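The values are calculated or read from the model by the stated rules, or taken from the named source; none is laboratory data. Owing to the predicted nature of the structure, the values given are computational and were not obtained by experimental measurement. Cβ placement follows ideal geometry from the backbone for every residue including glycine, while neighbour counts extend to all protein chains displayed.
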Number of protein chains: 2
Amino acid sequence: MSNSNLYKGSLSTIILKLLSENGRMYGYEITQKTKELTRGKLKITEGALYPALHKLEAEGLLEAEMEKVDNRLRKYYKLTEKGDKETVLKISELENFVATLQTIFQPKPSFS
Amino acid sequence: MSNSNLYKGSLSTIILKLLSENGRMYGYEITQKTKELTRGKLKITEGALYPALHKLEAEGLLEAEMEKVDNRLRKYYKLTEKGDKETVLKISELENFVATLQTIFQPKPSFS
DNA sequence: AACATATACCCAAACTTCTTAGGTATAAGA
DNA sequence: TCTTATACCTAAGAAGTTTGGGTATATGTT
């Protein structure tokens, strides 16, 4: 996704989150939805997205289904039960991580 | 740093931030300070820290100075002028990234 | 008709950043 | 004597990207 090498490791969590909200999405749709939500700030590259989707599928967190729409093939993904549980975990890990970063970058006043 | 592969890419920004606040630190001190600030949640491994410090020094963002304290050698680092400027940039990139993540994980109510 | 752009999937080489697992050495405490 | 803390370091491998390709259909533009 565009510059910023900061998001490393957060891609799979983003994918899981989007699928948990939208139920069923295909790859290209995920890139567009992310661009839309972040107002263009996060652009998922296809070179990162597809391997990530395949890995999540291999881990049993996603299941895929091909569908032809307007004579073009789409591969729809949805969360498995295992994926549902993992999504909860990963989102909470990401939120914890952000909270931890705050302790370094926005330390609370110490009233000293 | 302990589990969580989320922080990938944020290590150098953490180092720069700590140096900008403390003026002068040595490697081991950075690991301890980080552990303290994050209450043990982020543990910088030495295998990640030292190469990162060397890279920042090679890029001209840090300068180092050896000092013997209690018969043990410490390598103190501080920001160069270039490092000062880069720190401002990197911190703002990290804050922007976190804000962008919020648009995905904590979307604002749409009043629809 | 030709061309560019959007949609839609994919792969592989190279790169960055980290983990893991070592190594050396001094000081202090059990 | 042994472990833990302090203090530096390196190298192989893993993981997750970027970059730069490839294929194909549909649509809008010149």
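Values computed for the structure shown
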| read-out | value |
| --- | --- |
| Count - residues of segment B:52-82 that are away from every other protein chain (no Cβ under 14 Å) and within 12 Å of DNA strand D (Cβ to nearest atom) | 20 |
| Test for B:Ile30: is it away from DNA strand D (no atom under 15 Å from the Cβ) and hydrophobic (A, V, I, L, M, F, W, C) | no |
| Positions within segment A:50-59 being within 8 Å of DNA strand C (Cβ to nearest atom) and either under 12 Å from the mean Cα position of the chain (by Cα) or within 19 Å of A:Arg24 (Cβ to Cβ) (or both), in sequence order | A:Tyr50, A:Leu53, A:His54 |
| Checklist (1) closer than 29 Å to B:Leu89 by Cβ; (2) within 14 Å of another protein chain (Cβ to nearest Cβ) applied to A:Gly47, failing item | (2) |
| Residue satisfying condition, being closer than 14 Å to B:Lys17 by Cβ and more than 14 Å from DNA strand C (Cβ to nearest atom), within set B:Leu42, B:Leu62 | B:Leu62 |
| Every pair of residues 6+ apart whose Cβ atoms lie under 7 Å, when the first sits in segment A:31-56 and is under 21 Å from A:Thr80 (Cα atoms) while the second is at pLDDT below 95 and surrounded by 13 or more Cβ atoms within 10 Å (Cβ to Cβ) | none |
| Some residue of segment B:7-26 being at pLDDT below 95, within 13 Å of chain A (Cβ to nearest Cβ) and more than 8 Å from DNA strand D (Cβ to nearest atom) | yes |
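Residue-wise test of (1) out of contact with any strand residue (DSSP E or B) (no Cβ under 6 Å at 6 or more places or on another chain); (2) outside any helix (DSSP H, G or I); (3) surrounded by fewer than 16 Cβ atoms within 10 Å (Cβ to Cβ).
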| residue | (1), (2), (3) |
| --- | --- |
| B:Leu16 | yes, no, no |
| B:Glu36 | yes, no, yes |
| B:Met66 | no, yes, yes |
| B:Gly83 | no, no, no |
| B:Leu89 | yes, no, yes |
